[in-house]
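Questions regarding the structure given below will be posed in turn.
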Amino acid sequence: MPGPRRARPVVLLLLGALLLADLYFHLWPRARRELAGGGRPPPCPCRRRRPAAAAVVSPPPPPPPPRSRTASALRRLFAPRSEPAGPAAEPLLGAREALRYYRRKAARWNRRHKLYREELNLTSPAAPLPLRPEASWLQFHLGISRDGLYPRSSPTVNRLLRDMQDFTTISADYSQDEKALLGACDCSQIVKPSGVHLKLVLRFQDFGKAMFKPMRQKREEETPEDFFYFVDFQRHNAEIAAFHLDRILDFRRVPPTVGRLINVTKDILEVTKNEILQSVFFVSPASNVCFFAKCPYMCKTEYAVCGNPHLLEGSLSAFLPSLNLAPRLSIPNPWIRSYSFDGKEEWEVNPLYCNTVREIYPYSNGNRLLNIVDMAIFDFLIGNMDRHHYEMFTKFGDDGFLLHLDNARGFGRHSHDETSILAPLSQCCIIKRTTLLRLQLLAEPEYRLSDMMRESLLQDRLAPVLTEPHLLALDRRLQLILKAVRKCIDTYGEAKVVANDTTQPETPASDRVKLTT
């Protein structure tokens, strides 16, 4: 049959042409992108569908890049500066004790992992993972001191943020409060602490742990005005932005938090040993992998979070040291809100409420009340009305700093300023001098708060983390805080309102702002 034989060269030529076209139009551009990006995978450009529950969506287009003036101002804001010689801040942990404790924890994890693999009849060898003293999460723990969660000039935080973005997960599980709720949910409660507010604990290859909160709401969406604060969504981007704002304010009381695209199949389902967590995974009609919280009142697929089809956007907040090493107290906020539809707390109806608080220890002396005011200023800037408790390390005593944890209900409404959050400031009329100086600095055009936040948030891989209206709302709320302080000074005088700190204010030396009213 001579016909087919004569056609073979033509077929070979066509196949060769297709191969060359594939090399030229697909493989070669991909290789050029890899070489240009230093081997890093490019950000996913695909738009994400949103299933009926809550899906990952592509972020809005980024704002125009900030001016070089802004970038240099941010570097100056964070730059290390000379401080008067003095005793080092008291550390939270002893290095030897912490290393000994975490080595025991790592050895226990390796033993349990080996037994788990044997139960599954997995024959492939799995070398035990060592605990490395230089791990960024461990250095973060050792760097916590009486001054804050991390030193101002420490490079550890940036390294920790990168590690949480890049490291492989080796286990995933529910958080402790989620475990406590399994099968024991009280459906009569108005406030349900689980369900739609699903969060997971992820452990990485260096044994560091982080709290993962998935994306539940589009960035451009505002919380409906009819929503009560205690049923609002928990937003992953609010956790990320709260860390950056806390750092800019020089509070350093929010654990390092970063955004990451998590592969829910590879990074959660395939590494979890929790059978309950495994059982709540399913594939949606849109072929997206989803999972939900296992709780009687929320055991429904419409409350699930879904990947696209596997990738899910979320926040990762670094874990604080184990409670066995560094016990913490959880204390009700004196300005706690009423978690009911029609009730009101005393502070909401009594403008002299602070006089009562001042008579109660430890608010009667020391820094505790000043720290409460700091926390109120922080919550007002992010719009968080859900600060029912605060935590402190017991080692640092009654004057230790307050931890600003669980900020996911912030940044819900940029068009509304909830001034009642500032009640501790407006009712007590007291503020730290260093806090006031920092706020005044961030009101200056050279260090405008929105510009600092915009530049800082661009470092996160999920940028833009906040929409432009949320950034501009920060400037507006900052002016309302300064207006409240001026009103207090006009009424009581600067000496009674502005409390001197034991430390010097940390602002760039060439840009000190005078305390003005």
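The values are calculated or read from the model by the stated rules, or taken from the named source; none is laboratory data. Bear in mind the structure is a predicted one, so any value in this text is a computation, not a measurement. Heads up, the Cβs are rebuilt from the backbone with ideal geometry, glycines too, and the neighbour counts pull from every protein chain shown. Heads up: the accessible areas ignore ligands, DNA and RNA and are worked out on the full protein's heavy atoms, side chains in. Shrake-Rupley method; radii C 1.70, N 1.55, O 1.52, S 1.80 Å.
Please report the spacing between the Cα centers of the stretch 308-327 and the stretch 137-170 in Å, no decimals.
Using only Cα atoms, the two centres lie 13 Å from each other.
Something else about it: How high is the FRET efficiency from Asp475 to Asn274, r the C-beta distance, R0 56 Å, rounded to 0.05?
It comes out at approximately 0.80.
As a test question: what accessible area, to the nearest 10 Å², does Thr491 have when a 1.4 Å probe is rolled over all protein chains in place?
Its accessible surface works out to 90 Å², give or take rounding.
Where in the stretch 318-391 are there trypsin sites (Lys or Arg not before Pro) that are in a DSSP coil and have at most 13 other Cβ atoms within 10 angstrom of their Cβ?
Counting only loop positions with at most 13 other Cβ atoms within 10 Å, the trypsin sites (Lys or Arg not before Pro) in the stretch 318-391 are Lys344.
Here is a follow-up. Assuming 0.36 nm per residue, please report the length gained on full extension of the stretch Arg328 to Leu13 beyond their Cα-Cα distance.
106.1 nm
Which one of Leu474, Ile489, Met453 has its Cα pushed farthest toward the positive end of the charge dipole of the stretch 453-500, where Lys and Arg give +1 and Asp and Glu give -1 at the Cβ?
Ile489
While we're here: Let me know the shape class of the stretch 95-143, please: from the alpha-carbon gyration tensor, a ≥ b ≥ c as square roots of the eigenvalues, rounded when a/c is under 1.5, otherwise prolate if a/b is greater than b/c, or oblate.
prolate
When all protein chains stay in place, what accessible area (Å², nearest 10, 1.4 Å probe) is found for Leu99?
Leu99 has an accessible surface of roughly 40 Å² with all protein chains in place.
Working out 0.36 nm times the residue gap between Arg75 and Ala286, then minus their Cα-Cα distance, what length gain in nm do you get to one decimal?
My answer for the length gained is 71.5 nm.
Need one word for the stretch 354-429: rounded, prolate or oblate. Basis is the Cα gyration tensor (sqrt eigenvalues a ≥ b ≥ c); a/c below 1.5 gives rounded, then a/b vs b/c decides.
Here the stretch 354-429 falls in the oblate category.
Can you give the accessible area of Arg104, probe radius 1.4 Å, in Å² rounded to 10?
Probe radius 1.4 Å; accessible area of Arg104 about 120 Å².
Still on this model: Tell me, in nm to one decimal, what length is gained between Ala88 and Ser338 on full extension, where the rule is 0.36 nm per residue of separation less the Cα-Cα distance?
85.8 nm
Skipping prolines and chain starts, which residues have an amide H placed within reach, meaning under 5 Å, of the one on Leu312, given they are 5 or more residues away or on another chain?
Under 5 Å from the amide H of Leu312 lie the amide H atoms of Ile262, Asn263, Val264, each far enough along the sequence or on another chain.
Any idea how far apart Val349 and Tyr361 come out in nm if each label point goes 7 Å out from Cα toward Cβ?
Label-label distance for Val349 and Tyr361, simple model: 3.1 nm.
If we sort 402-411, 144-153 on the protection proxy, mean other Cβ atoms within 10 Å, highest first, what's the order?
Descending packing order for the listed peptides: 402-411, 144-153.
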